[in-house]
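What follows is a set of notes on a single structure, which appears directly below.
The values are calculated or read from the model by the stated rules, or taken from the named source; none is laboratory data. Keep in mind that what you see is a predicted model, and the values were worked out from it rather than measured. All Cβ positions, even for glycine, are placed from backbone atoms using ideal geometry, and neighbour counts span all protein chains on display. Only protein heavy atoms, including side chains, enter the accessible area calculation; ligands, DNA and RNA are left aside. Shrake-Rupley method; radii C 1.70, N 1.55, O 1.52, S 1.80 Å.
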Amino acid sequence: MKPALPITPTSDPAPPFADLFQTGLFRGLSTETRDRLAACGTLTTLPRGHQLTTQGQPETCIAVVLSGTLAVSRHRHGHRAKVGVLRRGATIGVMHLIDPHPACADVVAVDGPATIWTAPDDKIREFLIPGSPDAFAILQALAGQLCRRTRSDRNDLWRHLDATQAFFRNMDL
């Protein structure tokens, strides 16, 4: 795994993306809101093996995967566990906008380069100025994504608990 690259744009500020923000976090936003939000960020190509985030390090941007695949993993006491895979439409860095903490996982480009849209925190926070017409829509989308992730994680925990209980029940036979 190669170290995290500084987020540097590979092009001018991101143009209105037409259909690119029709998925993921920005799916329910109006075209005008998506276009204004797109202008806050830039397109970046993350080469295979390079990290977007590093567990324990501060996060400085929000990112949306436009193409490619990113692997999410966590490590503790020398052990690494794969947590998931992110593809087109996935959003990275949502939680720290609401609750600023260091990254909770490593996110690494796999299977070739990944194209991502990144927007620095200060630009996103400017976009979310209280009272702006877009602020509620974005915050509602962020909250919705966090709720879906929480429900998914909860379901994963229940499946793990069921499997563990079944394992121990079978030992009693």
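What the table shows:
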{"read-out": "Residues in the range 28-43 that a label on Ser67 would reach, taking backbone N under 14 Å of a point 7 Å out along Cα→Cβ", "value": "43"}
{"read-out": "Net charge of neighbours whose Cβ lies under 10 Å from the Cβ of Met95, counting Lys and Arg as +1 and Asp and Glu as -1", "value": "-1"}
{"read-out": "Estimated distance in nm for a label pair at Val83 and Leu128, the labels positioned 7 Å out from Cα along Cα-to-Cβ", "value": "1.8 nm"}
{"read-out": "Extended-chain gain in nm, criterion 0.36 nm per residue less alpha-carbon gap, Asn170 and Leu139", "value": "6.5 nm"}
{"read-out": "Mean Cβ count within 10 Å, highest first, over the residues of peptides 39-46, 152-159, 109-116", "value": "39-46, 109-116, 152-159"}
{"read-out": "The range 38-95 - percent of accessible surface contributed by carbon and sulfur, probe 1.4 Å", "value": "55 percent"}
{"read-out": "Arg36/Leu157 FRET efficiency (R0 30 Å; Cβ-Cβ; nearest 0.05)", "value": "0.20"}
{"read-out": "Accessible area per residue in Å² at 1.4 Å probe, computed on the range 52-164", "value": "58 Å²"}
